[in-house]
Amino acid sequence: MSYHSQSIKEVIKLHGIDIRKGHDTKTAEELLLKNGKNTLKREKKVSLFKRFLSQLADKMIIILMISAAISAVMAYFTDKNFAEPLVIIAIVILNATIGLIQESKAEKAIEALLKLTTPFTTVLRDGEKKKISIEDVVVGDVVFIEKGNFVPADARVITSHEMITDESALTGESLGVTKYDCIVDEKAHIGDRHNMVYANTIVSGGYGSAVVVATGMDTYMGSIASLLNESESPQTPLQRRLAKTGSMLGNLALAICTIIFITGILKQIPIGEMFITSVSLAVAAIPEGLPAIVTVMLSIGVQRIAKSRAIVRKLPAVETLGCSNVICSDKTGTLTQNKMTAVEFFGNRDDILRYCVLCGNNSNPTETALFDAATRFSISVDETKYPRIKEIQFTSKRKLMTTVHKTAKGYLTITKGAPDVLFGLSVNSREFVDAESEMTEKALRVIGVAIKLTDEMPSNPEQGLTVIGLAGLLDPPREEVYEAVALCKQAGITPVMITGDHINTAIAIAKAVGIYNGFAVTEKELTAMPENERRKAIKNASVFARTTPEYKVKIVNELQRQGLVVAMTGDGVNDAPALKQADIGCAMGSGTDVAKEAADLVLTDDNFATIVGAVRCGRGIYENIKKAVHFLLSCNFGEIFVIFVAILAGLPTPLTAIQLLWINLVTDSLPAIALGLEPVSPEVMKQKPIPKTMGLFSGGLFGRIVIEGMLIGAITLTSFILGLTLYDDLDSARTMAFAVLGLSQLFHSFNMKSEKPLIKSGVFKNPWLILAFIACVALQVAVIVLPHANAIASTVHINISQWMVVVLISIVPIPFSDLLKTIFHKSR
């Protein structure tokens, strides 16, 4: 109900309240029983066990579990060696655990909202003022609030003694809102409802009384809590791409297993052998270490981003930053300094500031800005020479403050305040009217200053004044924002401002920092548009003003519907639903706990420029993840190729399942992680954002993975055949194939560094890759030469000539890849 558009008498009558007595105890208890406690409902959490089980629903995981079951059954009926199924099960549990950690942390936004409340408030009950728990406040209660109190519920103002509330967490406006009894238009924005106070806002000045009209989830804060409960954080682009990749690999494994079974039946191969082969194929097709590797690489990204003063709360957000093509930013405190500053003067600046200091108490943001300006311009005032003998305080109705001072020349009256009121009391206002209009058009908050000198104490100080000048105040843009916005545009990212502030102020700041594209729109204007027109407006606007939390979510939703990856910044409670809905939510470090808990990223310095730096890191991480996926999948494809071709050719299985697991988890994993430490290319911010629909294998990557995989498979199979023909020993042949597969993949990891040939790719710029190569070569050799390792890995000792064959064949991927890069580069 629109209580702000009704008189206080109508509101009181509607609730049947006697504001002199308040509710009686019995009525209050009945209302509490009927409507419930004045608290916010918590979102029902999914249990940890159910969330763990959901991780096992992945197609790759299901195939691995089936493989483990088959392997366990075969082990039971043969050699009783359960090492292989146990390793597979351990991998499944590890991946599910990592997935659980990687999943969005349990939402704590509602708990943060609850923390905002204070435990007690003063109400009128049974004709007496009583202190009660905020939870027990009911509709119709008359509440008494003063400076420093949290407002306990949404309420209609009855009385106000210069009561000011800080609603910045709800509206994004940094200035306090004066509250008084009046009637407001039904469609007024929340920031313009001067006759309403809202739950969980803070009384920053004065005191007053109000009648409660909504409690708990029915409050404005409750509506925000509902939005948080209803909205779901979308999957990140990387999560979608990896899920698609996993599904593809799962389908590939099933298809190959089916073909092998049919082939086996046609060739009359024993069923037990076919089961063992199927397990090997399933293990070969699935990159078991991929989830763990991606998590580690994202964690590396977290550390890099932390150096640029941003804290990542949810791992996948690291990569999402790099894909963002729209950054929706709040205005106050993110693009601006969140500090009112005197930026323009009309008249003698020194005189204006000198008189403002004399006629001021430095008790609000406006006066603080004027006092700071006086200090900045080295304007000092000896107040002992101008003793104040009278003060007429500023009120929201008068919009003026006046002081009278005793001087050597007589009595000096100084009045400062709203120019439209001041001009009506002055004798020379005409020459200042145009200047005031020009300053207002620039979205400056204009303060007029007028004086009067009399021989005697004036009986009516605020008459016959002479205007001496105007001061224009503004919350100025941050210095770093100009360059950051330009860098955004260079990188193909569109910066957009979404604010609860007035449209003229929003446009002025947007113009100053380079965001404004000539089109700004308010929520009121958007709601009045037909749907098609509204969609176009949201797509084209660079500034959205006077927006509510609900509409911020709608704007983000519409941009996402248009296929954009949306980053959203904010600091207030009003920003929390949109932060959660966005692909990447960026909260300010100085913002509310609610905003931080709903966000993926927290900017410790509240700086828009930090987001742009984080985007650069995100893009670098995405490129490195793509290199790792390229490396792992080309290696896995090589493993599939070896097993598949060997069976079709009627050869013995060249590699056992445990050998494939060793390759996938040990010799592949360290180089893949090292690729995550590749330096970020300086060219990364000159590229356009990666479209949401673009897969990991775009740009010919899938073709390269297949070709490179076939090469690794072919040289592994070659070494196996050489082992059989030259040495006539299956175990030696398998060991040679195992050695070549591992070592060739390690050499192949250097091909991932760049699209340039290896000699030009800066081999030594990433020492971690070199260390990973050395460590994995040592492990691969150790598992062959150490006697205790032979039994576990099904390997045997091989002689020097066999090692020479292995090394020569293993190097082949490097010259082959350089040739491939040259061909692909010329074809573009």
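Observations on the model:
- Computed lengthening from residue 7 to residue 243, 0.36 nm per intervening residue step minus Cα-Cα distance: 79.2 nm
- Using alpha-carbon coordinates, inclination of helix 730-748 to the longest axis of the chain, degrees: 30 degrees
- Spacing of the modelled spin labels on residue 677 and residue 463, each 7 Å from Cα toward Cβ, amounts to 8.3 nm.
- Shown for the chain: the carbon plus sulfur share of the solvent-accessible area, taken with all protein chains present and a 1.4 angstrom probe, equals 59%.
- Against the chain, whose longest principal axis is taken from its Cα atoms, helix 549-561 shows a tilt of about 30°.
- Spin-label zone in the stretch 736-768 - amide nitrogen under 18 Å from a point set 7 Å from the Cα of residue 778 along the C-beta vector: 743, 746-747, 767-768
- Separation of alpha-carbon centers, the stretch 774-828 and the stretch 326-365, rounded to whole Å: 68 Å
- Neighbours of residue 767 by Cβ distance under 15 Å: Lys/Arg scored +1, Asp/Glu scored -1, total +1.
- Annotation for the stretch 396-470 versus the stretch 624-645: alpha-carbon center distance of 78 Å.
- Against the criterion of solvent-accessible heavy-atom surface with a 1.4 angstrom probe, 65, 588 sort, most first, into 65, 588.
- Dipole check for the stretch 523-580: with +1 at the C-beta of Lys and Arg, -1 at the C-beta of Asp and Glu, and the Cα centre as origin, the magnitude is about 160 Debye.
- Nonlocal amide H pairs with residue 600, under 5 Å, H built at 1.01 Å: 585, 586, 587
- Protein heavy-atom accessible surface, 1.4 Å probe, per residue over the stretch 712-828: 49 Å².
- 19 Å cut-off, amide nitrogen to a point 7 angstrom out along residue 790 Cα→Cβ, residues in the stretch 735-752: 735-740
- Residue by residue, the stretch 248-265 carries 3J(HN,Hα) couplings of 4, 5, x, 4, 5, 4, 5, 5, 5, 4, 5, 4, 5, 4, 4, 4, x, 5 Hz when phi is fed to the Karplus relation 6.51 cos²θ - 1.76 cosθ + 1.60 (θ = phi - 60°); x denotes Gly or Pro.
- Per residue, the accessible area of the stretch 513-603 comes to 32 Å² when a 1.4 Å probe rolls over the protein heavy atoms.
- 3J(HN,Hα) from dihedral phi, the stretch 336-341, Karplus parametrisation 6.51/-1.76/1.60, rounded to Hz, x for glycine, proline: 10, 7, 6, 8, 4, 9
- Gain upon complete extension [residue 536, residue 344; 0.36 nm per residue less C-alpha separation]: 65.4 nm
- Cβ-based charge dipole, the stretch 358-449, positive-most Cα from 448, 429, 407: 407
- Computed on the stretch 678-778, with alpha-carbon pairs under 8 angstrom and 6+ residues apart, the relative contact order is 23 percent.
- If you sort 642, 781, 73, 184 by accessible surface, 1.4 Å probe, largest first, the order is 73, 781, 184, 642.
- Distance (nanometres) between label positions extended 7 Å along Cα→Cβ at residue 255 and residue 799: 4.4 nm
- Across the stretch 1-42, the residues whose backbone nitrogen lies under 19 Å from the label position 7 Å along the beta-carbon direction of residue 183 are 1-16.
- Here the sum of -39500 (n - 2.57) over DSSP H runs of 4 or more residues, divided by the residues of the chain, equals -15500 deg cm²/dmol at 222 nm, to the nearest 500.
- For the chain, the relative contact order comes to 12 percent (Cα pairs under 8 Å, sequence separation of at least 6).
- With 22 Å as the limit on Cα-Cα distance, the pairs of 37/596; 442/511; 390/452; 26/179; 339/580; 147/399 that go past it are 37/596; 26/179; 339/580.
- Once all protein chains are placed together, residue 120 keeps about 120 Å² accessible to a 1.4 angstrom probe.
- Heavy-atom accessible area per residue - the stretch 132-198, 1.4 Å, Å²: 35 Å²
- FRET efficiency for residue 126 and residue 490, using Cβ-Cβ distance with R0 set to 56 Å, rounded to 0.05: 0.25
- Charge sum, other residues only, whose C-beta stays under 15 Å from residue 308's C-beta, Lys/Arg counted +1 and Asp/Glu -1: +1
- For Rg and Dmax of the Cα atoms in Å, the value calculated from this model appears in (i) 30.2, 127; (ii) 35.3, 122; (iii) 32.7, 107 under label (ii).
- A probe of 1.4 angstrom, applied to the heavy atoms of all protein chains, finds residue 768 with accessible area near 140 square angstrom.
- The listed residues 430, 398 rank as 430, 398 when sorted by accessible area, largest first, using a 1.4 Å probe.
- Approximating the spin labels as points 7 Å out from Cα along Cα→Cβ, the residue 511-to-residue 525 distance works out to 1.4 nm.
- Taking Cα atoms only, the orientation of helix 608-648 departs from the longest principal axis of the chain by about 20 degrees.
- Rounded FRET efficiency, nearest 0.05, which uses the C-beta distance separating residue 504 from residue 707 and R0 of 45 Å: 0.15
- Neighbour net charge for residue 724 - beta-carbon separation under 14 angstrom, K R +1, D E -1: -2
The values are calculated or read from the model by the stated rules, or taken from the named source; none is laboratory data. No experiment lies behind these values; they were computed from the predicted model shown. Please note: Cβ atoms are built from the backbone with ideal geometry, for glycine as well, and neighbour counts cover all protein chains shown. For the accessible areas, the whole protein counts, side chains as well, though only heavy atoms, and no ligand, DNA or RNA atoms are used. Shrake-Rupley method; radii C 1.70, N 1.55, O 1.52, S 1.80 Å.
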